[in-house]
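Beneath this line is the structure, given in structure tokens, with notes to follow.
The values are calculated or read from the model by the stated rules, or taken from the named source; none is laboratory data. If you're wondering where the values come from, they're calculated on a predicted model, not measured in any experiment. Reconstructed Cβ throughout: ideal geometry from the backbone, glycine too, with neighbour counts over all protein chains shown.
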Amino acid sequence: MADVHSRAVRSKNMSRIRGQNTQPEMIVRRGLHAAGFRFRLHDRKLPGRPDIVLRRYNAVIFVHGCFWHGHDCALFRWPATRPDFWRDKIGGNRARDTRRTADLLNAGWRVATVWECALKGRGRLPGEEVTGKLATWLHSTSDRLDLRGTV
């Protein structure tokens, strides 16, 4: 199946996709801030530059887009064009995510991942529920939290 856009148009579209301050990330940040949590953003000193760093709780939060990180949910679909490129790209992202999470856990950090499907789409959770689950996790001793939407 051929791409519906020219190479130049596709390049322009892809260049406008943000890696920081995305809508799902902003939803999580607003909810945590309203709940009284204070945090740093995109700490370059930590593996993977976590989206949200809560030093007081020794915790980091990644807000992952389901497409770019290959999440197994309704929001993810393999592109029909250039399948080899996308399998390599998304497979590399998954492998890097696994390595960065392991690095953070080994360094004593607690790691939460909030998936885009928890915040948008048919299976999304209410914003208060996402914030509540994150708050409960932050006050717990659990090392990991994987927050995803309902199916």
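A few notes on this one:
- Taking the range 120-131 as the range and being free of Cβ contacts under 8 Å to residues at least 12 places away in the same chain and either in a helix (DSSP H, G or I) or of a type in the set (Phe, Trp, Tyr) (or both) as the test, only Glu129 passes.
- When the range 12-35 is filtered for residues that are part of a loop (DSSP other than H, G, I, E, B), at pLDDT below 95 and small (Gly, Ala, Ser), only Gly19 remains.
- Of the residues Ala135, Ala74, the single one that is in a loop (DSSP other than H, G, I, E, B) and farther than 28 Å from Arg7 by Cβ is Ala74.
- Flag for Asp84 being of a type outside the set (A, V, I, L, M, F, W, C), at negative phi, out of contact with any Lys or Arg (no Cβ under 6 Å at 6 or more places or on another chain) and surrounded by fewer than 19 Cβ atoms within 10 Å (Cβ to Cβ): yes
- Test: residue in the range 60-74 that is over 24 Å from Arg40 (Cα atoms) and in contact with a Leu (Cβ under 8 Å, 6 or more places away or on another chain): yes
- First in the range 44-55 and assigned to a loop (DSSP other than H, G, I, E, B), second anywhere and surrounded by fewer than 17 Cβ atoms within 10 Å (Cβ to Cβ), Cβ under 6 Å, 6 or more apart: Pro47/Asp103; Arg49/His42
- From the list Arg38, Arg55, the lone residue that is of a type in the set (Lys, Arg) and surrounded by 12 or more Cβ atoms within 10 Å (Cβ to Cβ) is Arg55.
- Whether a residue is surrounded by fewer than 17 Cβ atoms within 10 Å (Cβ to Cβ), among the hydrophobic types (A, V, I, L, M, F, W, C), assigned to a loop (DSSP other than H, G, I, E, B) and at pLDDT below 95 was assessed, and Val9 does not pass this test.
- Scanning the range 83-108 for residues that are farther than 25 Å from Gly123 by Cα and either acidic (Asp, Glu) or in contact with a helix residue (DSSP H, G or I) (Cβ under 9 Å, 6 or more places away or on another chain) (or both) yields a count of 3.
- Positions within the range 122-136 being touching a Cys at 6+ places or on another chain (Cβ under 8 Å) and of a type outside the set (Lys, Arg), in sequence order: Gly123
- Hits in the range 93-110 - residues which are under 17 Å from Val53 (Cα atoms) and either touching a residue at least 60 places away in the same chain (Cβ under 8 Å) or among the charged types (D, E, K, R) (or both): Asp97, Arg100, Asp103, Ala107, Trp109, Arg110
- Condition met for Leu105 (of a type outside the set (S, T, N, Q), surrounded by fewer than 18 Cβ atoms within 10 Å (Cβ to Cβ), out of contact with any Ser or Thr (no Cβ under 8 Å at 6 or more places or on another chain) and outside any helix (DSSP H, G or I)): no
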